Every structure is written in structure tokens, then in C-alpha cells.
Amino acid sequence: MSTVAPNSQLSSTPSDPAALLDGVGEWVEAHGLIALLVLLAIYLCSELGHSLRIPLWHDEVFTWTIAQAPTLRQLLHLTQTTDLNPPLSYLLTRACFHLFGVGTLQTRLPEIAGYGLALVCIFVFVRRRAGNAYGLLAAAILLSSRGAEPAIDGRPYGLLYGFGALLLVVWQSSLIAQERGTRARVNNLLLVFTASAVLLTHIFGLFLWASVVAAEAARCYQLRRIVPSRLVALLLPLAALWFYPPLLRNHAAALFPVEFQAHLTDILSYYFSRTSRDLVGLGFVAVLIVAVAGGAWFRPAPRFVLNRPEWVALVCILATPIAIIVHLTQMHASFFNRYGDIATLGLAVLLAVLVCRWTANRPAVAVCASIILLSCSLRLQDAVRFAAHGDIFRHTEPIILPFQLAPLANADLPLVINSGLVFVEMNNHESAPLLDRTFYLTGGTVAIHYTHANIFENMSAEAQALHYRAHVEPYSEFFQQHPHFYLLASDRIYPEDWMLRKLHDDGASLRLLGHVENSYRDHDLYEVDHSVATH
């Protein structure tokens, strides 16, 4: 293991704050496994607490439903036609359902475990070069980052982080074996497994795979030779791309609201949103260190702890959001920050090794930075609060505030849902009597006219494939049969919603009945009389 030794301690009395911090840092350096277990306990408590308080949202409902498909063949079909992801995350969720029963936490458990794996692997990746304290700092940065926010979701991202970080560690192991002059046959098998898992988890895993391939190419250039066994180990997983063509075809057929479409300006906004909190936290650490120990702790080491191939992997991972945004911009497809958050793996390593170099690998700085970043992100406080409350250890289903029809003057009238997101969530959460009178209306060219999107126009096929109890009808047919109905909407205009705007333009009678408390984003209930509309 190649590490940089900590610099010599400053002369100080045992009561000095600087000496106390140095003592804590040396303890963590000597007990890295215990420190990592504490970090994982913080992570687990905070995730369990949040999962207990947040019901499954729209995208997670897809995971929950598809994982319960009657057969594996149907599961694979739904991943290619309805949710458009490779199948591994659904298969792991299905396994969790078989082992622990069907539920909200079980839906999220593979991703929670995946992000926990990412924390361990990032710790190991940095620890091998900079020691335990800076491995802990890298893991703390990853946990504190905004990229950790989707880790709770029952979506493929947590698993992508976990398998991606594992791929980095396995590849680095081959690098270290080369440095030591040993052979790593088992390592090549692990490379095949981890790279395949990355590519089978999410289509953007291709960028993580490409980052490791680029790093391996840098190593081959450095050695002036190619290692055939490692090349085969990295190329074999490309067989997973067999699942990609249907995903790409169906995605290309979708139209997205202009507000959601990727733009090159998203590159700057992405990196600012994903780094600002960490940089502010590290700035606070610098101020604290200067106040406690003066500037003596900031003595740059003569070199960085990573070698050239590792830097290539790091830079490529950090640049992944740029490649994704440029690609989606050309396709006029949507971009959300979570699409690029695999870059936080690189960010965690980068910030940790920068702090390591600026402080000549002093463990105390890494420990201070870890605590401050965990506090700034509220991870530490949330973990303590949830653990003290105790309900996370008796984990039940999140409390859902259902939509109540009782206050309505005429409970026999149908209920139309303005939002496709809300409609999907209600099908998962609401009672059968309510769903029997609930509708989502597709608009065809009318919907495209208002939203410039068709992302919910396939709702009828989706409802049939996923066995929704509520109904989906074309809006023109529905209005002919039900000119008088209730509409659940929002006074806030969402880019993908069109119904309320269409009714206003048609001159339909819209009477706001009031604000309805529920667990969804829409809370305004209208009574609509479309018979007076001017077409």
C-alpha cells in the first residue's frame, strides 16, 4: 500500500486544542474501521428516518410495480417499454420483496445498500493512498454531498454509485498489484462482474465504464504495453448493451417540456449546485484550523497522492455531467441533476486528496472536515434525532395523508387528476372506491400544444401494463360523457400539466372548492362544468 506519512506533530501541551485535535486525528488513523462503521451508522440512521417519513413518489412507484411483475419475462418487457432502465435494479428489488416482503423500505433497500457500498469503496480507494483519516473524509464528503439525496429513492442511482465505486476499487487493486509486481487473476473476474453490474444498472453507467477504460488506457500508455487479460475483462461487460437499443428508441420518441430540456448552461449550474455546500464547509474548516492551530497546519506536500491513471479516472468521472448534458441537449431531452450525480464519486476523491496535499496529510484536518461537513448537511443531526426517536428500529410504512372525498357536495361525480405524476402516486396509495371514480385524461395534440411534451400521453398503455385501478381516457371522449366533474390541480403551473390551462381557455366553469390536504403535490380542488365551455 502506497501512503503518505503524516507530518510531524507541532510541539504543544496536552491541553492545547491543536494537540487534542491531533490526538483525535491519530486515533482515527489507527482505528479506521471503527471510524468507518460510525459513518455508516450515521448514514443508515438518517436514511431509515427519511424513508419512514417519505412515501413512494412517482418514479419509485414504477420500481415497486415492475419488481412485482408476475414473471421475469414481463419484468424485462416493462423495463424496456415503460420505465426505460436496464433490469438489474428491478431484479434486486424483486429479490428484496421475496426475502423481506413488499413495502416502501424494501423498495429502497437495494439503493440504500448500494450507496452504503459506495461509501465503503470510496473510503478504501482514498485510504490506500492517503491513509484512514482521508479515506474517512472522502466518504464523509460523499455522504454530505447533494448527490446523496437520491440515495434514498427506490431508483437505480444508489446502486449505480455503489457498483461504480466498487469498479474503481477493483480496477485500483490491479494497479496496486502491478506496483507490487504480483498477478491478479481473480481481479480480472471481479472487473467483469463490477463493470457488468454498472452497465446493467443504469444507461449512464456507460460513462463510468468509459472512465475506467480511459484510465486503463493511460496505464497502458505509461507501461508502453497492453495487458490482454485486463482488456478482455473490461470489454466483456459490453454484452450488457444488448438491453440498451429499446431504451434508446423509446426515449428518443418522447417529447419533453422546454423547461426540462437540457441546455449547455446546465453545466455551470450543475457544478455550482453540487459543489457550493462542500466548498463552503471546507472554507469553514480552513477558518477553524487557522483559529486553532494557526497557519502551520497548511503546509503543502510535495506531490499529490494519486498517480496518473487514477487522475485520468477521476477527471473523466468529474466530466461525466458535461458529456451527459451535451448529449441530452442534442436530443432535446430533459436533464435533472440526479442524472449527473455519479460525478460526486470523483468530487469526493478530488476534495479529499486536495485537502490531503494542502495539509501534508495531517489526520486531524480530515477528521475536523468530516465532522463539519456532516453537520453542514444535517446528516449528523438527522441521524441522532431519528435514532433518539426510535421509530426507525420499528420501521413501518410512511404515513400517507389520503385524498378525502367526504367534503365534496356530490361524491358521485368523477374526479379528474391534472398531473400524471399525482395520478400514478394515487394509484399506489389510494383506496379502491376512490380510484374507481378517478381519471387521467390524455390530450394528444392538445396536450402537446400546451406543454410541447408527450411524456404522459402513453398513460393508457402504462395503466394497462401496470394494472392501475383508476381510468385513463382521451379528454374529448370524457367530456362528452362527463361534462360535470371535480378536478384536483394546483395553482402553480407545472410544465407537463395542461388540463387547467385548457379548461380556462375553453371558458369552462371552474369553481375553487378549497385547499385539500393530502400527500401529493396538488391540493386545489375545483368543480368543473364543461358544458358551458366555448370550443
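The values are calculated or read from the model by the stated rules, or taken from the named source; none is laboratory data. What you see is a predicted model, and the numbers here were worked out from it, not measured in a lab. Note that each Cβ is placed from the backbone with ideal geometry, even for glycine, and that neighbours are counted across all protein chains shown.
Starting from residues that are closer than 22 Å to T104 by Cα and at pLDDT below 90, keep the ones in the stretch 401-438 and report whichever is surrounded by the fewest Cβ atoms within 10 Å (Cβ to Cβ). Before you say what the answer is, go through the steps one by one.
We begin by selecting, within the stretch 401-438, every residue closer than 22 Å to T104 by Cα; these are 401-403, 420-432, 434-435.
Then drop every residue that is not at pLDDT below 90, which leaves 401-403.
Values: L401: 12, P402: 14, F403: 23.
Going through the qualifying residues, I end up with L401.
Identify the single condition in (1) within 20 Å of the chain's Cα centre (by Cα); (2) more than 21 Å from A210 (Cβ to Cβ); (3) aromatic (F, W, Y) that Y271 does not satisfy, given that it satisfies every other one.
Here Y271 clears every test but (2).
Within the stretch 452-501, track down each residue that is assigned to a helix (DSSP H, G or I), more than 22 Å from L84 (Cα to Cα) and not acidic (D, E). Walk me through it before giving the result.
Applying the first criterion (assigned to a helix (DSSP H, G or I)) to the stretch 452-501 yields 459-465, 475-481, 499-501.
Those still in the list that are more than 22 Å from L84 (Cα to Cα) too: 475-481, 499-501.
If the condition is that a residue be assigned to a helix (DSSP H, G or I), more than 22 Å from L84 (Cα to Cα) and not acidic (D, E), then Y475, S476, F478, F479, Q480, Q481, M499, L500, R501 are the ones that fit.
So is V416 in a strand (DSSP E or B) and not polar (S, T, N, Q) or not?
yes
Exactly one of these conditions fails for L56: (1) part of a helix (DSSP H, G or I); (2) farther than 13 Å from G135 by Cα. Give me its number.
With respect to (1) part of a helix (DSSP H, G or I); (2) farther than 13 Å from G135 by Cα, L56 is out only on (1).
For the stretch 436-445, does any single residue satisfy the condition of being assigned by TED's automatic domain parsing to the domain that holds R511, in a helix (DSSP H, G or I), over 30 Å from L44 (Cβ atoms) and touching a helix residue (DSSP H, G or I) at 6+ places or on another chain (Cβ under 9 Å)? Write out each step before concluding.
Of all residues in the stretch 436-445, those assigned by TED's automatic domain parsing to the domain that holds R511 come to 436-445.
Going one step further and asking which of them are in a helix (DSSP H, G or I), we end up with 445.
Retained after the next criterion (residues that are over 30 Å from L44 (Cβ atoms)): 445.
Of the ones still in play, those that are also touching a helix residue (DSSP H, G or I) at 6+ places or on another chain (Cβ under 9 Å) are none.
Checking the stretch 436-445: not a single residue is assigned by TED's automatic domain parsing to the domain that holds R511, in a helix (DSSP H, G or I), over 30 Å from L44 (Cβ atoms) and touching a helix residue (DSSP H, G or I) at 6+ places or on another chain (Cβ under 9 Å).
Keeping to the stretch 342-392, report how many residues are over 24 Å from the mean Cα position of the chain (by Cα), farther than 16 Å from F304 by Cα and assigned to a helix (DSSP H, G or I).
Number satisfying all stated conditions: 7.
Against the condition more than 22 Å from A240 (Cα to Cα), in contact with a Gly (Cβ under 6 Å, 6 or more places away or on another chain) and not assigned by TED's automatic domain parsing to the domain that holds A465, how does V120 come out, does it pass?
no
Looking at (1) more than 20 Å from the chain's Cα centre (by Cα); (2) farther than 20 Å from C316 by Cα, can you tell me which one A217 breaks?
In the conditions (1) more than 20 Å from the chain's Cα centre (by Cα); (2) farther than 20 Å from C316 by Cα, A217 misses (2) alone.
Can you name every residue in the stretch 79-94 that is surrounded by fewer than 22 Cβ atoms within 10 Å (Cβ to Cβ) and either hydroxyl-bearing (S, T, Y) or farther than 19 Å from Y339 by Cα (or both)?
T81, T82, L91, L92, R94
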